[in-house]
Amino acid sequence: MKMNELGETGIQVSDICLGTMTFGEQNTEADAHAQLDMALDHGVNFIDTAEMYAFPARAETQGLTEAHVGSWLKARSNRDKVVLATKITGPGARFDHIRDGQMRFDREQIRRAVEGSLKRLQTDYIDLYQTHWPERPSN
């Protein structure tokens, strides 16, 4: 697998990043674990998720993708082999179920989003944290 440096961090990520947005909606937890195992076995070390997933976004499945990735990390004890990316959800009326509808990119909401992701992912760090889409007034 070809590897690339993540920006100027010194962190090496696989050329392919495994997107996980269907885990918890179209994929069971067992399916998610099998896909994550296969990806890692084939040299993919870069995993992307988000607090709003599973997709399509619904209150009933929100956070399940991170939870499935987290249960896999815990079961395999392989956090050191993975570069984990996740995202804070930007504002939007269809996401009122996330963080009680508080979708601002301010200090408190970013803290809440990060803490929620860390808990679901069962880890104490995130390698790459991103905004899912812009919040125009705060950019």
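Residues that are under 15 Å from T86 (Cα atoms), β-branched (V, I, T) and in contact with a Cys (Cβ under 8 Å, 6 or more places away or on another chain) within region 1-50 comprise just one, I47. Scanning region 23-47 for residues that are among the polar types (S, T, N, Q) and crowded, with 17+ Cβ neighbours inside 10 Å turns up N27, Q35, N45.
Does T9 satisfy the criteria of being of a type in the set (S, T, Y) and surrounded by 16 or more Cβ atoms within 10 Å (Cβ to Cβ)?
no
Restrict the check to region 91-103 and report whether at least one residue is touching a residue at least 24 places away in the same chain (Cβ under 8 Å), in contact with a strand residue (DSSP E or B) (Cβ under 6 Å, 6 or more places away or on another chain) and not aliphatic (A, V, I, L, M). No, there is no match, as no residue in region 91-103 is touching a residue at least 24 places away in the same chain (Cβ under 8 Å), in contact with a strand residue (DSSP E or B) (Cβ under 6 Å, 6 or more places away or on another chain) and not aliphatic (A, V, I, L, M).
Determine if region 53-74 includes at least one residue that is of a type in the set (A, V, I, L, M), outside any strand (DSSP E or B) and touching a residue at least 60 places away in the same chain (Cβ under 8 Å).
The answer is no; no qualifying residue exists.
Has region 54-64 got at least one residue that is small (G, A, S), buried (at least 19 other Cβ atoms within 10 Å of the Cβ), touching a strand residue (DSSP E or B) at 6+ places or on another chain (Cβ under 8 Å) and closer than 19 Å to G116 by Cα? The answer is yes, given that some residue of region 54-64 is small (G, A, S), buried (at least 19 other Cβ atoms within 10 Å of the Cβ), touching a strand residue (DSSP E or B) at 6+ places or on another chain (Cβ under 8 Å) and closer than 19 Å to G116 by Cα.
If you take the residues of region 75-128 that are part of a loop (DSSP other than H, G, I, E, B) and among the polar types (S, T, N, Q), which of them is surrounded by the fewest Cβ atoms within 10 Å (Cβ to Cβ)?
First pass over region 75-128, keeping only residues part of a loop (DSSP other than H, G, I, E, B): 77-78, 82, 89-92, 96-98, 102-106, 122-127.
Imposing the further condition that a residue be among the polar types (S, T, N, Q) reduces the set to 77-78, 89, 102, 122-123.
Values: S77: 8, N78: 14, T89: 21, Q102: 13, Q122: 16, T123: 18.
My answer is S77.
Note on region 4-44: residues that are in contact with an Asp or Glu (Cβ under 7 Å, 6 or more places away or on another chain), farther than 20 Å from L64 by Cβ and not in a loop (DSSP other than H, G, I, E, B) total 2. Looking only at residues in region 22-48 that are without any contact (Cβ under 8 Å) to a residue 12 or more places away in the chain and acidic (D, E), the one that is nearest to G7 (Cα to Cα) is D41.
Coordinate-derived values only; no laboratory data. This one's a predicted model, so the numbers in the text were calculated from it and none came from an experiment. With ideal geometry, Cβ positions are generated from the backbone for all residues, glycine too; neighbour counts draw on all protein chains shown.
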